[in-house]
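A short reminder: the numbers here are calculations on the coordinates, not readings from a lab. Predicted, not measured: the structure shown is a model, and the values here were computed from it. Note that each Cβ is placed from the backbone with ideal geometry, even for glycine, and that neighbours are counted across all protein chains shown.
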Amino acid sequence: MLTTASSLSPAYWRSAALELKNLRRLIFAALVVAMGIVISSLFIPVGDNLRIYFKFLVYSVGSAVYGPFLGLLVGAVGDTLGYFIHPSGAYFPGYLLSEMLGCLVYALLLYRKRITVLRLFLSKLIVNVCINLCLGSLWSAMLYSKGFYYYFAKSAVKNLLLLPLEVLAMTALFALLIPQLERMNALPRRPENQKRIVPFF
């Protein structure tokens, strides 16, 4: 049965640490890395160093299953392997940090939690604004010739306009996968009256 654990509680972090010793979780994390690398090669360019990616869908589901510690590891390994398999420009550790932080945000809001539309929205909002927009603009300003606010303005339009569509896609994916993941004991089971929905709150 589903039990919500606060991200500040010792029980939450003990549970997350145990995932590092769980072979099934490690295999699942490896699959997430592989799928993330494949999906990261499929993107839509929309401007100067600005692209629409879809791997957030895979990483959000993975982070909900295996938590923050494996999430950080998946972000690091996925970004590093992804660069060497599909290199694009010089390797920059800032993007590694962004990938790890994104997985951490998803884990803090979704792992061992009651997955709701509101939680999906908050997790994607934090990733889009704090990581993609703020940190991403900083990395672009450090790497390229134009200033921070140039990249910030362009990235703000993309990240805020796409947010509702990204949350809708996450909601549809979780609604599809949660029953299967529950049967695999990858996610805690929900009450019977919530089996067919992703509740808003």
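Brief remarks follow.
- For the range 109-150, backbone nitrogen atoms closer than 19 Å to the point 7 Å from Ser6 Cα along Cα-to-C-beta are found at 109-115, 119.
- Alpha-carbon spread of the range 16-100, three principal axes, descending order, Å: 42, 21, 18
- Taking amide H positions as modeled 1.01 Å from N, with prolines and chain starts lacking one, the residues under 5 Å from Ile52 and 5 or more places away or on another chain are Ile44, Val46.
- The chymotrypsin sites (Phe, Trp or Tyr not before Pro) found in the range 90-180 include none that occupy coil by DSSP while having at most 10 further C-beta atoms within 10 Å.
- 18 Å Cα-Cα threshold exceeded, pairs from Lys124/Lys158; Lys55/Lys124; Lys21/Lys55: Lys21/Lys55
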